[in-house]
Amino acid sequence: MKHISVLIKPASSLCNLRCTYCFYANVSSLREVRSFGKMKEDVMEKMIANIYADLEAGDHLTLAFQGGEPTMAGLSYFRKLTAYVAAQKSK
Ligand code: SF4
């Protein structure tokens, strides 16, 4: 039995709140591409399918979210993601 943990960053560096303790704006400003925006639905779908392709019965999966601020991806992102996960679990 495997335990797989995946850290998903669905909103790249879209956050502009600039909390004083946050390093993310500084780090992203040094990148060639500062932000890749919100994760597109086709990428989300492939990501979930690829994760489940490596799982077998009895394996344990943890999905966690980080940013920037992952809620910048919006409620619709998380609704679609949970729907894709539910579809994979029912296969
Ligand atoms: S990513 Fe999070 S910690 Fe950083 S500025 Fe945005 S809300 Fe604050």
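No value in this document is a laboratory result; all are computed from the given coordinates. Small disclaimer: the values here were computed from a predicted structure and weren't measured. In this analysis, Cβ positions are derived from the backbone assuming ideal geometry, glycine residues included, and neighbour counts consider all displayed protein chains.
So, in the range 1-59, of the ones that are surrounded by 13 or more Cβ atoms within 10 Å (Cβ to Cβ), aromatic (Phe, Trp, Tyr) and more than 16 Å from ALA86 (Cα to Cα), which residue ends up farthest from the ligand (Cβ to nearest atom)?
Checking each candidate, the answer is PHE36.
Looking at (1) of a type outside the set (Asp, Glu); (2) within 14 Å of the ligand (Cβ to nearest atom); (3) assigned to a loop (DSSP other than H, G, I, E, B); (4) free of Cβ contacts under 8 Å to residues at least 12 places away in the same chain, can you tell me which one GLY68 breaks?
GLY68 satisfies all of (1) of a type outside the set (Asp, Glu); (2) within 14 Å of the ligand (Cβ to nearest atom); (3) assigned to a loop (DSSP other than H, G, I, E, B); (4) free of Cβ contacts under 8 Å to residues at least 12 places away in the same chain except (4).
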